[in-house]
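Notes follow the structure.
Since every read-out is calculated from the coordinates, none of them should be taken as a lab result. Keep in mind it's a predicted model, so treat the numbers as computed, not measured. Methodologically, a virtual Cβ is constructed for each residue, glycine included, from the backbone with ideal geometry; neighbour enumeration extends over all protein chains shown.
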Amino acid sequence: MSTSIATKPSNASISKVELSQTRDVFDDFEAITKAIAQRAFGFFQQRGTDGRDSDDWFRAESELLKPVPIEISESGESYMIRAEVPGFDAKNLSVRTEGNSVYIHGKAEQKKEEKKGKEVKYSEVSATELCRRIDLPSAIISEKASANLANGVLELTLPKAASPKKIEVKAA
């Protein structure tokens, strides 16, 4: 079961978090993988066959996806993840948890247009997308998770699920 964490911007230092069920996170990853594959195939077609398929893939990936540097810390009760997502608003970000994995996905689109009277002289549309999966050492409690977005840094607090209790086996 996948849970989504929706971040909401606010003037306070901590944003409110709403958890809701959403579509499968694997649909997002499949769409991103298809887009990367199409771009990499375009590079392959331009160049021809010379055994640099992985170079094409990494080039396409770097053009389509923005890297997401993260910092993970752990306390006795929870994990704290800080992810750098400059240029993204809370409405552009989606954070989902499943088991011990956290998925961060974002897509932002910017449009620039210069007009002189009614005539468009210059128009540009650019999109930035990020996607990151983080596997944690233990399961987390999604319902108690929180997210805060401030100054381009997404902070996630993910409470740990109760750790399994070891049962001692005694001879009869």
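Some observations on this one:
- Among residues other than Glu77 with Cβ under 15 Å from its Cβ, the summed charge is 0 (Lys and Arg +1, Asp and Glu -1).
- Across segment 136-149, coupling constants 3J(HN,Hα) worked out from phi with the 6.51/-1.76/1.60 Karplus curve, θ = phi - 60°, read 9, x, 9, 5, 10, 9, 4, 5, 9, 6, 9, 9, 9, 10 Hz, and Gly and Pro carry x.
- Theoretical gain in end-to-end length, Thr33 to Gln45 [0.36 nm per residue, Cα-Cα removed]: 2.5 nm
- Signed unit charges on C-beta, dipole axis of segment 62-172, positive-most listed residue Asn148, Ala171, Ser94: Ser94
- Relative protection proxy for 41-47, 165-171, 145-151, from highest mean packing down: 145-151, 41-47, 165-171 (other beta-carbon atoms within 10 angstrom).
- Pairwise FRET efficiency - Lys118 versus Ile70, Cβ, R0 = 41 Å, nearest 0.05: 0.30
- Remark: for residue pairs Lys91/Lys112; Lys91/Lys160; Lys66/Lys165; Lys144/Lys166, the C-alpha separation exceeds 30 Å in Lys66/Lys165.
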